Structures are given as structure tokens and as C-alpha cells.
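Participant: My questions will all concern the structure given below.
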Amino acid sequence: MLNKYLEINPKVDKALKENRPVVALESTIISHGMPYPQNVETALKVEEIIRDNGAVPATVGIIEGKIKVGLTPEEIEHMAKSKGVVKVSRRDIPFVISKKLDGATTVAGTMIAANLAGIKVFATGGIGGVHRGADKTFDISADLMELANTNVAVICAGAKAILDIGLTLEYLETHGVPVVGFKTEEFPAFYTRKSGFGVDYRVDSAKELAAAVKTKFDLSLKGGLVIGNPIPKECEMDYELINKAIEDALKEAERQGIKGKETTPFLLSKVKEITDGKSLKSNIHLVYNNAKVGAKLAVELSRLD
């Protein structure tokens, strides 16, 4: 029955059957995160980085109602150029599939597809979380609940800086999701290496991380892991500058009445505008960095099985 909805790229399928390392990648960054052709260039470069580090990339998306795990270059081009590609989280999957639409998977959507395919490592930019002002709006990303329920290790540069990072970490703690710092004791804040918040555990190598990830999954401890991998120092933005840009973007969103799932893309676009494109450059490089660590983790995990 699953084959009716899920299609795994033959290269990815072969790697999984041979117990070779595979890393899942999201497609929201392709359809909703960057302009064309930069989105295609970035997506293909991320895949190249994963291959260069010994793993097989599996970019996830939905095309004509079929979940694709391992998009081809032509399919990535399609996702990048097509209009009306739906942003897909857990709640959207049955409708996008049944209506045979195209969909770009979020962190939550990609975790679901990766888990269905048997992929344990997923590299992304930043996870969603508790939005600022959530005490009034109750705006909390579905990514967090997915992390509490789906067995995938997520490599990220922390939570997106537009969020309330403190409350995001509290939510993850409540749901028993380990928050790990890769070579850091401070949870990264996407554009910057510092956030003012600590992690549950620090690990200093992919091998050490793989041992913990395997132990968690072997014990059937439900849910994933958040591995915070800081943006490279040379690519991070000025802490005060980026926070001022975020505050200005939040005020603009409130003035325009932007709410719900439109909030994050609006804020990221506004921050890019305010910083004259510097935030987008940082975003691209942190994704590259996460792909590298994700591949190394996948390689070490494959050696443990």
C-alpha cells in the first residue's frame, strides 16, 4: 500500500538496502526559500557536499501527488520553477497527495517521508519552533511535535532566529527531545553562533554522536534528536544587527496582519531585505555546513549497524 504513495529513487533505495549512508534533505528551501536559479544551485550544491563526504543525498518532495525520496536534478528544477507548489507539513500530506498536487516538504514533512523510507539522518537549515508572542497567538511550529514523535536525527543551525528560542527549547525538553550541541555548549541561533541558551549534551565528533543516536533508536525511545551545528564563524552575522532586523521584521508583520504559516517566509524575506541580502548568504552557508555534518553522521551510523 505504501508504494502507492511513496517513490524512492533507485540510487537511494539501493544505498538503503546495502546499508550505505543516506541523508534526507527538505524541499521548502527550494520552492519557498530562495529565488530561481539560486534555489537550484544551492540544492544541487548541498547534494554534492553530501556525496563528497561519503553519503547519498535524498532530497524529498511531492510531485503530482507522489512522495519522492531522492529528487532527480530535473525534478529539483521543476520544484524550483513551478508556481503554486504547496508548503507541506504533516496536516497537508493527505490532501496534497489525494489532489495530486506538487508539494515542498517542511522539516516535519521531510521527517515523515524520511522515516517512511528508513532514513535516519536529515540535514536542514533551521528547525521551526515557538514563535515570539506565542503566549497570545499560540503559534508553535508542527516541527516540534514531529521531533517528539518521529525517529529521525535532525542536523540544523538551531531554531530560526525569528523564533523564541528559549520557549522552543522548553517545549523540546517537555517532550523528551534531546538537544545536542555539535562542538558547542551553546544552542546556535541560525544566523549567529550564540543564543544565550545551552544544550542538553555536547558532542565533539560524528562518531560520538552516532553512538548516542543509535542507542536512542535501538531502545525505541520515540522521537528524534535536534543536533545544533553552529554556522561557520566566517559566515555568521553580527548578533546586534540581525536581532534589530528581526525586531523590525516582526513589527512589519504585525502591521500587515501576517499570521500562521505565512509568518516564517514573510519574516525571512523581510530580514533578507533589511540586511541587503546578507542573511540569505549566511543561510546558504549554514545549510552547506549542516549537510557536511549530516553526511559524516550518516557514515558513522552505517558503520555501527
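What follows draws every value from the coordinates through simple rules; no lab data is involved. Note that this is a predicted model, so its numbers are computed, not measured. Cβ atoms come from the backbone with ideal geometry, glycine included; neighbour counts cover every protein chain shown.
Participant: Using a 7 Å offset from the Cα along the Cα-to-Cβ direction at both LYS17 and LYS233, what is the distance between the two label points in nm, to one decimal?
Facilitator: 4.7
Participant: Ok, one more. Counting Lys +1, Arg +1, Asp -1, Glu -1, what net charge surrounds ASP200 among other residues with beta carbon under 13 Å of its beta carbon?
Facilitator: For residues surrounding ASP200, the net value is -2.
Participant: For the stretch 1-72, which GluC sites (Glu not before Pro) pass both filters: DSSP loop (anything but H, G, I, E, B) and at most 16 other C-beta atoms within 10 Å?
Facilitator: Numbers: sites: GLU7, GLU18, GLU26, GLU41, GLU47, GLU48, GLU64; in loops: GLU18, GLU26, GLU64.
Passing sites in the stretch 1-72 are GLU18, GLU64.
Participant: State to the nearest 20 debye the size of the charge dipole of the chain about its Cα centre, where the only charges are +1 on K and R beta carbons and -1 on D and E beta carbons.
Facilitator: Here the chain has a charge dipole of around 600 debye.
Participant: Another one. Across all directions of projection, what mean area in square nanometres is found for the Cα convex hull of the chain?
Facilitator: With the hull built on Cα positions only, its mean projection is 14.5 nm².
Participant: Next question, about the same structure. List MET111, MET145 from most exposed to least, where exposure is judged by having the fewest other Cβ atoms within 10 Å. Let's see the in-between values first.
Facilitator: Working: MET111 30, MET145 17.
Final ranking by Cβ density, sparse to dense: MET145, MET111.
Participant: Using Cα-Cα distances under 8 Å and only pairs 6 or more residues apart, what relative contact order does the chain have, in percent? Intermediate results must be reported in sequence, preceding the final value.
Facilitator: Working: 629 pairs, mean separation 59.5, N = 305.
Once divided by the residue count of the chain, the mean separation gives 20 percent.
Participant: Given the -39500 (n - 2.57) contribution per DSSP H run of 4+ residues, what per-residue ellipticity at 222 nm results for the chain, rounded to the nearest 500 deg cm²/dmol?
Facilitator: After summing the helix terms and dividing by residue count, I get -14500 deg cm²/dmol.
Participant: If you don't mind, another one. Could you tally the net charge around LYS270, taking each other residue with its Cβ under 9 Å from the Cβ of LYS270, Lys/Arg +1 and Asp/Glu -1?
Facilitator: -2
Participant: Further, regarding this structure: Going through the stretch 66-112, which trypsin sites (Lys or Arg not before Pro) have at most 16 other Cβ atoms within 10 Å and a DSSP loop state?
Facilitator: Here the sparse-neighbourhood loop sites are LYS83, LYS99, LYS100.
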